[in-house]
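Okay, structure first, notes after.
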Amino acid sequence: MGEFKVHRVRFFDYVPVSVRCISYSERTERLAVARNNGSVEVYNFSANYYQEKIIPGDDRRSTESICWAGEERLFSAGLNGEIIEYDLEKLCVKYSLDAYGGPIWGIVPNPSGTQLAVCCDDGSVKLFSITPENIVFEKSLDRQKDRILCLAWHPSRPQIVTGSVNAIRAFNVSSGHLFQTLKMDRPLISGKKRDCIVWSVAVLSCGEIVSTDSTGKLRFWELERGTLIRSFNVTNSDALCLAVSKEEDSLVVGTAEGTILQFQHLDVQAGKETKEWFRTRPFRYHTHDVKSVAHSSTALISGGFDGQIICRPLMEKMETKTYEAVLRKIMFPHRHLVSCAQASRLLLFQFPKHLELWRLGQTNESGVDGDVLNVSQDPELLLKLKSKGSECIRCSTISRCGSWVSYTTSSRLFLYRLHYENQNISISRVPKMPPLQTAALQLLFSWDAKQLYVGSQGGLVYVLELSDGACQHSYTLEPPSASPHSVHLLTASSDGSLLAAAFVDSHIDIYNVKTQKYVCSVPQYSSPPTAMSICPSTENLVIAHADQQILEFNIAEKQYTHWSRKVLQHGLHRDWLERDTPITGITFNPSKPEHILMHDNYMFCVLDKSLPLPNDKTSLTNQRSLKSLSEKMRRSCAHAFKITREYKPLLFMDLLDDGELVMVERPLVDILSQLPPPIKLKKFGT
């Protein structure tokens, strides 16, 4: 592990965008997450919680609520007053529809998934029928004087319950009329009555209404009589959100203090059928407001202002106490926001609305393993490129030579040429980009920077030819069979002959760029690929999957290599398979072809294919213990995995042309220091 000179980069000023709302689909085990910049992410819980889809944000969108409906269709609504349906294959907005009720605060499907209800700022609840192609306005319920902030359907009756300021109301969907109003107690603060804002409501099959509000209370109401059954003081601040399990035996509440509380419906006394709601578990994993919660059959899921997604498994619901029963924290994207110009020692950082180009620092010193070398030339910010328009940047890349930069939004592809003169840098935009039939989703420059590969919808890869200040479409690589999926990953060989395109459904196609022909496909694996790269010396394709499996495919022979088959037969180490973050980067050491360099958010690994694979009885991270052994014992105890966790959280890793290693870290302390201060909590002894 000590054969590299490492650039420990900590000047990538990345801060995750706060989570606004989440929605979990029990049928497909997928979580939809909407963030404050309008972006939407989809996580596949059955594929080790992998972030398989990202729809970039837009300043014109302000998402307040998101939901799954129908045959796993995804809808959202927000303060711009529009209902949006997303195309999860093309990764874009399918269409938008104005509800004509002002800002929308909530959107909820009925239990059968055939209707959508939205609550609006003008006091109306509007119903829409879900058709195979879009949604159609159906009717409006009785309009109220004040804005409606939340709503919920009755599980079995045609009734809708809404929450607003100082009141909860119930409507009959068939007639559209209001039939029940519940008045909230207004707290007395400094001699004045303050409004009680109902932030979230739910309806149980037994006819009880559950609500959370700005007074920090969780309340249970009897719907027909309109009476308060019981109340819990859950927080000194606002109780912002709640979610009920499908069996209605558990519910979770999120607060503005960052606390999550679970309530369970339990027997009052053993042997008797009488049950009551009890507060059973408080959790504090968030540093700031918990904006949204969801309740799966086996876990509590939450997202908040700190940008984290927390999945807290319920141990009593887990059939086996495996690594699936541990706490999951998702804070960083499962893709690269950094790209590297290996030949010119440049880094390109991607932010939602701009790009930053940095030159790495240099040192004149040398040392031994573990030494920290003084920098003779500090890192330098060369360029800040702002995106035009309201759309956020989807992806970006820089060529190996550092002469080209490209990025794409939902609707446009941009290409820039960089010019270096002594210590000065200038940039010029390529004015006339060739029109593409479909949107650009993935970008990759060839090693010689003469071509730009653009991965798109339907498995298409556009090949653009680059010349001095110009770009033109050369040809399009099409998959052998029509694919509904979009290109998820791209990688190319160093000699510019091979290109591999991967899809979320685990399908990987390989093309010969020089002959412009399809070569073969990798045998389809059961888990989606998270990273892949073609080895410069062997031209074998190395693939990392979401289930932590590592496979090597021989493109020339069109089959998995002998080493890969040995991995499948022997099996990887248990500690390796139980890691909870995916491999997001793979590269190779040209001086040692047997070495594969990989990383996830909390580990950097050098995989030596010439050494034996470890078994579960062997320590996976044994580098420190090997140093204390003799040379002979060290060789006998060494195995293929050389792992260090010194660099974390690790967002990017690559090897420069001169053999120096670049590690881009983003310490959590630096992220928290840029967030506004949370609600102050008095702790014992302070």
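The values are calculated or read from the model by the stated rules, or taken from the named source; none is laboratory data. Because the structure is predicted, anything quoted here is derived from the model rather than measured. Cβ coordinates were reconstructed from backbone atoms using ideal geometry, including for glycine residues, and neighbour counts include every protein chain displayed. Surface accessibility is based on the protein's heavy atoms, side chains included, excluding ligands, DNA and RNA. Shrake-Rupley method; radii C 1.70, N 1.55, O 1.52, S 1.80 Å.
Observations
- log₁₀ of I(q)/I(0) at q = 0.18 Å⁻¹ - the stretch 157-222, Debye sum with one point per alpha carbon: -0.65
- Among 68-75, 656-663, 600-607, 208-215, the peptide with the highest mean count of other Cβ atoms within 10 Å heads the list, and the full ranking is 208-215, 600-607, 68-75, 656-663.
- Backbone N within the stretch 85-121 under 13 Å of label point (7 Å from Glu138 Cα along the Cβ vector): 108-118
- Taking 0.36 nm per residue of separation and subtracting the Cα-Cα distance, full extension of the segment from Leu79 to Ala470 would add 136.6 nm.
- For the chain: accessible area per residue (Å², 1.4 Å): 44 Å²
- Pair Gln362, Asn422: separation of 7 Å Cα→Cβ label points (nm): 1.6 nm
- Here the stretch 603-622 and the stretch 226-246 have alpha carbon centers that stand 49 Å from each other.
- Helical runs (DSSP H, four residues minimum) scored at -39500 (n - 2.57) apiece and divided by the length of the chain put the mean residue ellipticity at 222 nm at -1000 deg cm²/dmol.
- Extreme residue, positive dipole direction of the chain, given options Ala640, Ser494, Leu97 (C-beta unit charges): Leu97
- Projecting the Cα atoms of Leu188, Thr259, Cys206 onto the dipole axis of the stretch 170-275, where Lys and Arg carry +1 and Asp and Glu carry -1 at the beta carbon, places Leu188 farthest toward the positive end.
- Counted residue by residue at 0.36 nm each, then reduced by the alpha carbon distance between them, the extension gain from Ser112 to Ser376 reaches 88.4 nm.
- Electrostatic tally near Leu418: other residues with Cβ closer than 14 Å to its Cβ, Lys and Arg +1, Asp and Glu -1, net +3.
- Computed on the chain, with alpha-carbon pairs under 8 angstrom and 6+ residues apart, the relative contact order is 8 percent.
- Cα-centred dipole magnitude for the stretch 137-218, charges only on beta-carbon of K, R (+1) and D, E (-1), debye, nearest 20: 300 debye
- Summed residue charge, Cβ within 13 Å of Asp448's Cβ, Lys/Arg positive, Asp/Glu negative: +1
- Charged neighbours of Asn110, selected by a Cβ distance under 12 Å, balance to 0 (K, R count +1; D, E count -1).
- For the pair the stretch 22-84 / the stretch 165-214, the C-alpha centres are spaced 27 Å from each other.
- Listed by chain and number, the lysines whose C-alpha is less than 26 Å from the C-alpha of Lys192, apart from same-chain residues fewer than 8 away, are Lys145, Lys183, Lys217, Lys680, Lys682.
- Legend: distances between Cα atoms for Lys193/Lys275; Lys384/Lys432; Lys126/Lys193; Lys90/Lys353; pairs beyond 29 Å are Lys193/Lys275; Lys126/Lys193.
- Within the straight-line cut-off of under 17 Å between alpha carbons, the aspartates and glutamates reachable from Lys386 are Asp13, Asp58, Asp59, Glu356, sequence neighbours fewer than 8 places apart in one chain being disregarded.
- Alpha carbon centroid spacing (whole Å) that separates the stretch 437-495 from the stretch 117-148: 43 Å
- Farthest toward positive dipole pole in the chain [+1 Lys/Arg, -1 Asp/Glu at C-beta], among Val542, Leu415, Ser112: Ser112
- Options (1) 27.1, 116; (2) 27.3, 84; (3) 56.4, 164 - which one matches Rg and Dmax of the Cα atoms in Å as calculated here: (2)
- Mean Cβ count within 10 Å, highest first, over the residues of peptides 508-514, 422-428: 508-514, 422-428
- Taking the Cα centre of the chain as origin and assigning +1 to Lys and Arg Cβ atoms and -1 to Asp and Glu Cβ atoms, the resulting dipole is close to 1280 debye.
- Cα gyration tensor category, rounded, prolate or oblate, for the stretch 433-543 with a/c compared to 1.5: oblate
- Computed from point charges on the beta carbon alone (+1 for Lys and Arg, -1 for Asp and Glu), the dipole magnitude for the stretch 1-150 about its Cα centre is near 400 Debye.
- One decimal place: the segment Leu228-Leu577 gains 120.7 nm when fully extended, by the rule 0.36 nm per residue minus the C-alpha distance.
- Solvent-accessible area, 1.4 Å probe, carbon plus sulfur percent, for the chain: 48 percent
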